[in-house]
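Any read-out appearing in this document is the output of simple, stated calculations on the displayed coordinates, not a laboratory observation. Here the structure is a predicted model, which means the values were calculated and not measured. Cβ placement follows ideal geometry from the backbone for every residue including glycine, while neighbour counts extend to all protein chains displayed.
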Amino acid sequence: MTKLSTLALSAALIAFAGAAAAEDLRIGFADPVSAIDPQLNNYAGDHSVSQHFFPAIVAQKTIGGMAPGLATAWKNTSPTTWEFKIRDKAVWTDGKPVTAEDIAFSYERAQNVPGSVASFKSFLRSVAKVEVKDPQTLVITTKEPDPLLPINISSIYIVSKHIGQTATTDDYNSGKAMVVDGPYAFVSYTPGDRIEMKRNDTYWGEKAEWDKVSYRYIANPAARTAALLSGDVDMIDKVSFSDIEKLEKNPKVKVWSYPGLRALILQPSFNPAPSKFITDKAGKPLDKNPLLDVRVRRALNMAINREAIADRVARGGVTVATQWMPADTFGYNPDYAKIAVDPTKAKALLAEAGYPDGFKLTMHVPGERYPLAPETAQAVAQFWTRIGVETQVEVVPFSVYVTGANKNDYAMSVIGWGNGTGEGTYAMTSILATNDNARGLGASNWGRYSNPKLDEALAKAGAEFDDPKREAIIKDAVKVVMDDVGIIPLYHYKNIWASRPDLKVVPWNSDRTVAMQVSKVK
Amino acid sequence: MTTVPAASARRPANSALRRFLRAPSALIGLGLLGLLVIGAVFAPQIAPQNPFDLAAIDVLDARLQPGSTSMGTDITYLLGTDGQGRDLFSAILYGLRTSLTVGVGSALLAGLIGILLGLIAAWSGGFIDALIMRLVDLIMSLPSILVALLMLALLGRGIGNVVLTLVLLEWAYYARTARAQALVERKRDYFEAARGLGLPTSRILLRHVLPNCLPPLLVIAALQVARAITLEATLSFLGLGAPVTQPSLGLLIANGFQFMLSGEYWISFFPGLTLLAAIVAINLVGDRLREVLDPRALK
């Protein structure tokens, strides 16, 4: 009875909302927004908001590749110089034209906004100088050849020079400095609650679909689902894995799930000293780290039934990963599309490596950082225990975890890796390259994996401008790492939105949540 | 004449037991508690599966409905399975074991420390009395869940640390009651007589004063067991108690509560029901114990 009346009520609410505000869109989103100033903090929520107001000069396509933004075309005049042609029709909402001056100013400002705690600086680390050749031409010189420059600057949003020169972050937040050139214009911002926007009729691109957009912050996944079901919002992002099955059965809701770039990966420790988290069955420490033996790593890798985890633990909210990039992306190696599950062979490999009775291992996982990670770790522990590697799962708060992981204290750590650039070298740089803090390599290589062949491939890929050649180098690197089991990839999270049934949601820059990705079904 | 002391010694105990059993609620509580204790003690014999053995559970059997049969083995999951494929019936029995061990263990340990400190305070008076009793006031004025969270954040999770935390929080209740009771007993004639005989302090306190203080302390112990079980469940629910691969009742509830709305009610529901039954049973017994042992209630 209660269920029936709730259903009827939500149906009525949805119908009412649909009739009353046909051209308005209300989004319930999960990532906190720290400011409307597009250059203050490099945060996921801030990125999503900025995409409405301040397009970058190039845009990232959803699965790999670049699309025009404020720049219509770009080319290398030498390996270290890039020339960008800026659109001549682009204007700010105050009527002034968008020029190369604005872009040069934005790259300057993005590197030193007072009060920034997560600066955009790293996206511009290879840039030596930015020059304005004429109002429609921008020339960027890099310190060394950098094929990833367009991807990197796709994350820097362009503000106007004439307003931005004197504007502070507060001026953007209050709306005083919100002279924009994106598909939507600013109406109001209530920190921690919502951002209201309206269509920008002077936008240079395709006319925006919605008259008004209300972009509301709802941190709790259950509250987001409830808001959608009650008709408070028309669309939500980051649908909780536990709600997928329920929502898919509900005819008043449509679930949109797309393969995503973010991977969950295990990093075995390559510490030469024996780990206190690996012991023999009696609990006595071993005289060496068994994970240094490739046969042990292979055994662990092939013992895991990834399909079972994807289906039973993640309820279909993930796709099985056999390498760091998901299928059909730049650098994915189709020769390594499957890892055969073979516990018998895994046991044989362990025996061959000198561990016929296996050993005891403690795996560490942060409690709240990566969705599903503790549950997944327990399932992995089951598979390993069955081949004789008795595995304990230690769930620790992220702040404690990241300190331990960074010091390579743990025998087995877990990392959620975003693959934000949409291509394979980002993971190679940060989680696979030999750790070298001075050169910014292997910053998240928590297992301290080190393979000269991988380092060499990374250096080669970094200097290769020909895309097919660069992709071949990355594919070879996949072979090197996966034959060696330098990491144990488990799955890629899907990006999941849910909406009213009369809306269509397409993915946007992989996992951004924006009004531009939502349209009415005609 | 010789039979008189013996008879008078037996009669109150007998009548207390008889009076205890006169209340139906106490009988129900005792019966329920007996059932749960038997289940917990003989868990390895009763449970179809060892839920703490990762090799015995299978993630392919995850989230099966009550009454389903396993795909790999011939186990029937009477109460269904949790998100890792653990048989919930087995997990509840083992979880109950953890809960009761923590509850009884911490209550006993806290009782030992608390009573000893209470007696010392009552005996010594003066500065030591003041010191111990201000410490008691301090502990009792702090919200227990906050202290527990802080302790476990410092010590790290684990059953041993939970017991330690509970002991720290609970000893004060025993100490206060033990002291108050001992102060009353101090004014009795037998106390003066024992002192007059020149008996050693420890003997007077432990053999003469303590037995006479016991009734109210027993009531406190019963209620503290229930409190400890609740607190352990709360801490495990928040992810600070039992290790994830050895779930207690609180952790089982935590693992399932996000699926309540998806229709998979059993993961949280049955452990929750068991926890409720255990706490109600202990409270019923404790309440009746108080009615029976409280001299004022006799009138």
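Quick one: of the DSSP bridges fully inside the protein assembly as shown, what percent are antiparallel, nearest 5? Don't skip to the end; give the middle numbers.
Numbers: 63 of 80 bridges.
Percentage antiparallel, nearest 5: 80.
In what order do A:Glu464, A:Glu423 fall by count of nearby beta-carbon atoms within 10 Å, going from fewest to most? Present the calculation step by step, with values, prior to reporting the outcome.
Values: A:Glu464 18, A:Glu423 25.
With the fewest neighbours first, A:Glu464, A:Glu423 line up as A:Glu464, A:Glu423.
I'd like the mean, over residues of A:242-253, of how many other protein chain beta carbons sit within 10 Å of each residue's own Cβ.
The mean count of partner-chain Cβ atoms within 10 Å per residue comes to 2.
How big is the gap, in Å, between the Cα center of the range B:236-294 and the Cα center of the range B:143-204?
Between the Cα centre of the range B:236-294 and that of the range B:143-204, the gap is 27 Å.
Among A:Lys198/A:Lys504; A:Lys345/A:Lys479; A:Lys207/A:Lys249; A:Lys121/A:Lys207; A:Lys252/A:Lys504, which pairs are too far apart, with a Cα-Cα distance over 24 Å?
Values: A:Lys198/A:Lys504 20 Å; A:Lys345/A:Lys479 21 Å; A:Lys207/A:Lys249 34 Å; A:Lys121/A:Lys207 32 Å; A:Lys252/A:Lys504 14 Å.
Exceeds cut-off: A:Lys207/A:Lys249; A:Lys121/A:Lys207.
So if I take the centroid of the Cα atoms in the range B:33-83 and the same for the range A:249-303, what is the distance between those two points in Å?
27
Based on Cα coordinates alone, diagonalise the gyration tensor for the range A:373-517, multiply each eigenvalue by 5, take square roots, and list the semi-axes in whole Å, largest first.
Semi-axes, largest first: 27, 26, 15 Å.
What percentages make up the Cα-Cα pair-distance distribution of the range B:224-288 when the bins are 10 Å wide from 0?
23, 47, 25, 5, 0
Towards the positive end of the charge dipole of chain A, with charges on Cβ (+1 Lys, Arg; -1 Asp, Glu), say which of A:Ile278, A:Val113, A:Val139 has the farthest Cα.
Final value for the positive-end residue is A:Ile278.
Using a Förster radius of 30 Å, what is the FRET efficiency between B:Leu142 and B:Leu108 based on their Cβ-Cβ separation? Nearest 0.05, please.
The pair B:Leu142/B:Leu108 has a calculated efficiency of 0.85.
Two decimals is fine: what is log10 I(q)/I(0) at q = 0.11, 0.20, 0.27 Å⁻¹ for the range A:189-256, from a Debye sum with one equal scatterer on every Cα and no solvent?
Values, matching the q order: -0.35, -0.89, -1.17.
Over the Cα atoms of the range A:237-353, what radius of gyration and what Dmax do you get, in Å?
Looking at the range A:237-353, its Cα Rg and Dmax stand at 18.7, 60 Å.
When each pair of different Cα atoms in the range A:140-250 is counted once in the 1/r mean, what is the Kirkwood radius in angstroms, to one decimal? Each step should come with its number before you reach the end.
Details: mean 1/r = 0.0575 Å⁻¹.
One over the average 1/r among Cα pairs gives 17.4 Å for the range A:140-250.
In 10 Å bins starting at zero, report the fraction of Cα pairs in the range B:41-168 per bin as a rounded %.
Pair shares across the bins are 12, 27, 23, 18, 11, 7, 2.
Give me B:Ser202, A:Ser257 ranked fewest to most by other Cβ atoms within 10 Å of their Cβ, as a rough exposure proxy.
So the residues, fewest neighbours to most, are B:Ser202, A:Ser257.
Mind giving me the nanometre distance, one decimal, between the label points for B:Leu27 and A:Ala223, set 7 Å out from Cα along Cα→Cβ?
Placing both labels 7 Å along Cα→Cβ, they lie 5.1 nm apart.
Can you tell me the dipole magnitude for the range A:267-403 around its Cα centre, using point charges on the Cβ only (Lys, Arg +1; Asp, Glu -1), in Debye to the nearest 20?
Magnitude of the dipole: close to 200 debye.
Over all directions, average the projected area of the Cα convex hull of chain A and note it in nm².
On the way: hull surface 102.7 nm².
Result: a mean projected hull area of 25.7 nm².
Enter the mean projected area of the convex hull around the alpha-carbon atoms of the range A:54-143, in nm², rounded to one decimal.
Mean orientational projected area (the range A:54-143, Cα hull): 7.0 nm².
Taking θ as phi - 60°, what are the ³J(HN,Hα) couplings along the range A:259-276 by the Karplus curve (6.51, -1.76, 1.60), each to the nearest whole Hz, with x for Gly and Pro?
Once θ is set to phi - 60°, the couplings for the range A:259-276 become x, x, 9, 6, 10, 9, 10, 8, 10, x, 7, 9, 4, x, 7, x, 8, 6 Hz.
Summarise the partner chain shielding of A:304-314 as one whole number: the mean count of Cβ atoms from other chains within 10 Å of each residue's Cβ. Spell out each step's value before the answer.
Details: counts 0, 3, 0, 1, 6, 2, 0, 3, 11, 6, 0.
Across the residues of A:304-314, the mean count of other-chain Cβ atoms within 10 Å is 3.
Whose amide H sits under 5 Å from the amide H of A:Thr137, counting only residues 5 or more places off or on another chain, with H placed in the peptide plane?
A:Ile86, A:Ala100
Using all alpha carbons of chain B, what is the percent of pairwise distances in each 5 Å bin, ordered from the shortest bin to the longest?
1, 5, 10, 13, 14, 13, 12, 10, 8, 6, 4, 3, 2, 1, 0, 0
Pull up the cross-link candidates among the aspartates and glutamates for A:Lys238, meaning alpha carbon to alpha carbon under 19 Å and not fewer than 8 places away within one chain.
A:Lys238 reaches A:Asp31, A:Asp46, A:Asp193, A:Glu248, A:Asp311, A:Glu368, A:Glu375, A:Asp511.
Put +1 on the Cβ of each Lys and Arg and -1 on the Cβ of each Asp and Glu in chain B; which of B:Ser106, B:Leu166, B:Pro211 then has its Cα farthest toward the positive end of the dipole?
Most positive-ward Cα: B:Pro211.
Would you compute, for the Cα atoms of the range A:285-338, the largest minus smallest coordinate along each principal axis and list the three values in descending order, in whole Å?
Reported extents, whole Å, longest axis first: 42, 28, 13.
In the calculated pair distance distribution of the range A:435-491, what percentage of Cα-Cα distances lie above 16 Å?
48
How shielded is A:387-393 by partner chains, expressed as the average number of their Cβ atoms within 10 Å of its Cβ atoms?
Counting Cβ atoms of other protein chains within 10 Å of each residue's Cβ and averaging gives 2.
Starting from the Cα coordinates of the range B:161-299, work out the convex hull volume and express it per residue in Å³.
Convex hull volume per residue, Cα atoms: 126 Å³.
Counting Lys and Arg as +1 and Asp and Glu as -1, each charge on the Cβ, what is the dipole of the protein assembly as shown about the Cα centre in debye, to the nearest 20?
Roughly 2680 debye, rounded to the nearest 20.
So who's got an amide H within less than 5 Å of the one on A:Tyr184, skipping anything under 5 residues away but keeping other chains? H placed 1.01 Å off N, in plane.
Hits under the 5 Å cutoff: A:Asn200.
Which of B:Phe191, B:Phe270, B:Phe52 moves most in a GNM of chain B, Cα contacts under 10 Å?
B:Phe191
From the convex hull of the Cα coordinates of the range A:389-434, what is the mean projected area in square nanometres?
Averaging across all directions leaves 4.5 nm² for the Cα convex hull.
May I ask for the equivalent-ellipsoid semi-axes of the range A:75-228, computed as the square root of five times each C-alpha gyration tensor eigenvalue and listed largest first in whole Å?
Square roots of five times the eigenvalues give 30, 20, 16 Å.
What does the range A:34-86 give for Rg and for Dmax, in Å, if only its C-alpha atoms count?
According to the Cα coordinates of the range A:34-86, Rg and Dmax are 13.4, 39 Å.
As a footprinting exposure proxy, order B:Thr201, A:Thr72 by other Cβ within 10 Å, with the fewest listed first.
B:Thr201, A:Thr72
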